Amino acid sequence: MDRFVSTFTNRIDAKSRVSIPAPFRAVLERDRYSGAASLGLYCYPSLDTPALDAGGERLARKIDGLLGGLADYSDERDELAVALYGEAQFLAIDPDGRIVLPKELRAQIGLADGVAEVAFVGLGDKFQLWEPARFEERRAKAREKVRAHRSLFGATRRPPIVPADDGSGGETP
């Protein structure tokens, strides 16, 4: 699989280390920069949620694509570059599959020094890191919105079953 899927909650140790879920590490391994000596990930504050966005080279290429669609030297391009690359950190993954979650990134998502867990949330080409209680609120709101807007996603009602006119007594869809 080459997508980040599912949700995992892992403990943060006293040294601010946390294990990347094994399925996420496998995606990062396949998605790493060719020739890179060590495995790692890009991590930066999300633009619209109290979370951190994270991923490998595919995420970096998407950011490059967004920036490439804006005029060179434009304010919009510079602002987006600052918001994404200017705040990004490359976090090395140690041989045990852990990253050190820096204090400034922890603070961005409300992980105080005493908070001992972080939620990893797969979003396809990237994943997010959340304070677990905040993520549960986000998940509930997302489900509510999806239920309210199901028709936008092609989830319409099925047509009623009507009796067949062929005299067999069967039903047709």
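Can you pull out every residue in segment 36-49 that is under 15 Å from GLY110 (Cα atoms), surrounded by 16 or more Cβ atoms within 10 Å (Cβ to Cβ) and not aromatic (Phe, Trp, Tyr)?
Within segment 36-49, PRO45, SER46 qualify.
Looking only at residues in segment 145-162 that are outside any helix (DSSP H, G or I) and at pLDDT 70 or above, which one is farthest from GLY55 (Cα to Cα)? Give the derivation first.
Start the filter on segment 145-162 by keeping residues that are outside any helix (DSSP H, G or I), which leaves 149, 154-162.
With at pLDDT 70 or above added as a condition, the list becomes 149, 161-162.
Numbers: HIS149: 29, ILE161: 47, VAL162: 50 Å.
Result: VAL162.
Between ALA142, ALA119, which is within 16 Å of the chain's Cα centre (by Cα) and at pLDDT below 95?
On the way: ALA119 fails: at pLDDT below 95.
It is ALA142.
Restricting to segment 61-91, give me the number of residues that are among the aliphatic types (A, V, I, L, M), without any contact (Cβ under 8 Å) to a residue 24 or more places away in the chain and surrounded by fewer than 18 Cβ atoms within 10 Å (Cβ to Cβ). Outline the logic, then answer.
Filtering segment 61-91 for residues among the aliphatic types (A, V, I, L, M) gives 63, 66-67, 70-71, 80-84, 88, 91.
Imposing the further condition that a residue be without any contact (Cβ under 8 Å) to a residue 24 or more places away in the chain reduces the set to 63, 66-67, 70-71, 80-82.
Subset that is surrounded by fewer than 18 Cβ atoms within 10 Å (Cβ to Cβ): 66-67, 70-71, 81-82.
Total meeting the criteria: 6.
Restricting to segment 11-35, name every residue that is modelled with pLDDT of 95 or more, surrounded by 18 or more Cβ atoms within 10 Å (Cβ to Cβ) and of a type outside the set (A, V, I, L, M, F, W, C).
SER19, PRO21 - these are the residues of segment 11-35 that are modelled with pLDDT of 95 or more, surrounded by 18 or more Cβ atoms within 10 Å (Cβ to Cβ) and of a type outside the set (A, V, I, L, M, F, W, C).
Collect the residues in segment 96-113 that are without any contact (Cβ under 8 Å) to a residue 12 or more places away in the chain and either touching a Phe, Trp or Tyr at 6+ places or on another chain (Cβ under 8 Å) or assigned to a loop (DSSP other than H, G, I, E, B) (or both), keeping them in residue-number order.
ALA112, ASP113 - these are the residues of segment 96-113 that are without any contact (Cβ under 8 Å) to a residue 12 or more places away in the chain and either touching a Phe, Trp or Tyr at 6+ places or on another chain (Cβ under 8 Å) or assigned to a loop (DSSP other than H, G, I, E, B) (or both).
All but one of (1) of a type in the set (A, V, I, L, M); (2) in contact with a Lys or Arg (Cβ under 8 Å, 6 or more places away or on another chain); (3) under 20 Å from ALA92 (Cα atoms) hold for LEU70; state the number of the condition that does not hold.
It is condition (3) that LEU70 fails.
Within segment 114-144, how many residues are surrounded by 11 or more Cβ atoms within 10 Å (Cβ to Cβ) and in a loop (DSSP other than H, G, I, E, B)?
The total comes to 6.
Could you please tell me which pairs satisfy a Cβ distance under 8 Å, a separation of 6+ or placement on different chains, a first residue in segment 130-153 that is in contact (Cβ under 8 Å) with a residue 12 or more places away in the chain and of a type in the set (Phe, Trp, Tyr), and a second residue that is assigned to a helix (DSSP H, G or I) and surrounded by 12 or more Cβ atoms within 10 Å (Cβ to Cβ)?
Close Cβ pairs satisfying both conditions: TRP130/ARG138.
May I ask you to verify whether SER46 is of a type in the set (Gly, Ala, Ser), more than 17 Å from the chain's Cα centre (by Cα) and under 18 Å from PRO132 (Cα atoms)? Spell out how you get there, then give the answer.
Working: of a type in the set (Gly, Ala, Ser): yes; more than 17 Å from the chain's Cα centre (by Cα): no; under 18 Å from PRO132 (Cα atoms): yes.
Judged against the criteria, SER46 is not a match.
Which condition from (1) at pLDDT 95 or above; (2) more than 21 Å from ARG134 (Cα to Cα); (3) of a type in the set (Phe, Trp, Tyr) is the one that PHE4 breaks?
Against the list (1) at pLDDT 95 or above; (2) more than 21 Å from ARG134 (Cα to Cα); (3) of a type in the set (Phe, Trp, Tyr), PHE4 comes up short only on (2).
The values are calculated or read from the model by the stated rules, or taken from the named source; none is laboratory data. Since the model is a prediction, treat every value here as computed from it, not as a measurement. Cβ atoms come from the backbone with ideal geometry, glycine included; neighbour counts cover every protein chain shown.
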